[in-house]
1. Whole Å is fine, so just give me how far the alpha carbon centre of the stretch 172-195 lies from that of the stretch 77-144.
2. Can you compute the FRET efficiency between Arg52 and His188 using 1/(1 + (r/R0)^6), with r the Cβ-Cβ distance and R0 = 30 Å? Round to the nearest 0.05.
3. Hey, quick one: spin label on Gln92, modelled 7 Å out along Cα-Cβ, who in the stretch 104-121 has an amide N within reach, i.e. under 11 Å?
4. Lys109: which lysines have alpha carbons under 28 Å from its alpha carbon, excluding same-chain residues fewer than 8 sequence positions away?
Amino acid sequence: MGDALRALAACVPADCCRGSGARDPRDMPPDKTVDLSGRQLRRLPAHVCSFRELAKLYLSDNRLSSLPPELAQLQNLQILALDFNDFKALPQAVCTLQQLCILYLGNNKLCGLPAELSRLQSLRTLWIEANCLGRLPDVVCELAVLRTLHAGSNGLRGLPGRLQRLRELRTIWLSGNLLTDFPAVLLHMPFLEVIDVDRNSIRHFPSLAHLSGLKLVIYDHNPCRNAPRVAKGVRRVGRWAEETPEPDPRKARRYALTQEDSQEGEAPVLPSLLLSPGS
């Protein structure tokens with residue numbers, strides 16, 4: 001009963017529907033956005049699945065471990081945030097949302113991803129950081145239009161060769177994994193713009209000078225004996241980088257996130273503020 005009351009309270013429009021002036025929690029929010037983040041919910045309020053035109057659903061920072069099959073009714077959903085919850089497996093209903101462009105799954109307990117995720121052929125941004133992944137799930141290599149992959153803070157020791165199929169991929173974040181070698185597959189992906197291998201165990205970096213699209217490489221906090229060689233104009237964050245000042249990796253990541261939400265489908269361009277003194 002207590003959970004039901006808390007769930008009902010969480011659905012008061014002033015709290016849950018960002019930018020909405022709806023007076024009844026059963027009303028479709030005019031901005032097509034529902035934000036139920038940080039409500040300690042253990043289940044999704046049933047009425048949310050009736051909002052057939054919903055475009056953005058934020059369920060971050062709750063206690064969710066499952067989602068109802070009725071979620072599949074939200075076929076217009078473009079952004080779904082499930083980060084900071086208790087998911088051990090991705091609910092199958094998520095794999096039916098074929099208009100989904102951005103999916104946040106970070107900070108859960110996922111050990112893998114279902115093969116059915118390959119149905120999400122509109123997915124451009126995938127966050128799977130801070131889970132229990134010992135390897136990058138094969139299904140990620142089937143997401144043909146994926147542009148940004150956040151897979152940091154897992155237990156990754158390498159990347160599959162099939163990753164190079166993702167010719168739309170521009171940004172890959174691998175910070176805080178168990179890499180002892182620079183992933184060889186990335187050497188065959190000249191279209192990449194941002195590579196982050198911060199906080200791994202890489203001792204030697206191959207030359208990255210041939211990666212014609214590269215704009216930023218973050219390799220700090222590795223026990224490396226050399227800096228990766230890069231083409232002229234490519235920014236580096238790590239030991240022996242000549243550029244002064246160096247871009248702040250936290251600001252680089254924050255900027256990438258902003259770009260994903262505000263300019264979906266467009267390649268991020270590193271702004272001058274990342275490179276300016278005292279920024």
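1. 20
2. Values: r = 42 Å, r/R0 = 1.42.
Computed FRET efficiency for Arg52 and His188: 0.10.
3. Once the point is set 7 Å along Cα→Cβ of Gln92, 116 turn out to lie under 11 Å by backbone N, inside the stretch 104-121.
4. Leaving aside lysines fewer than 8 places away in the same chain, those within reach of Lys109 are Lys56, Lys88, Lys251.
Just so you know, all these numbers are worked out from the coordinates, no wet-lab data involved. In this text, all values refer to a predicted model and were calculated from it rather than measured experimentally. Please note: Cβ atoms are built from the backbone with ideal geometry, for glycine as well, and neighbour counts cover all protein chains shown.
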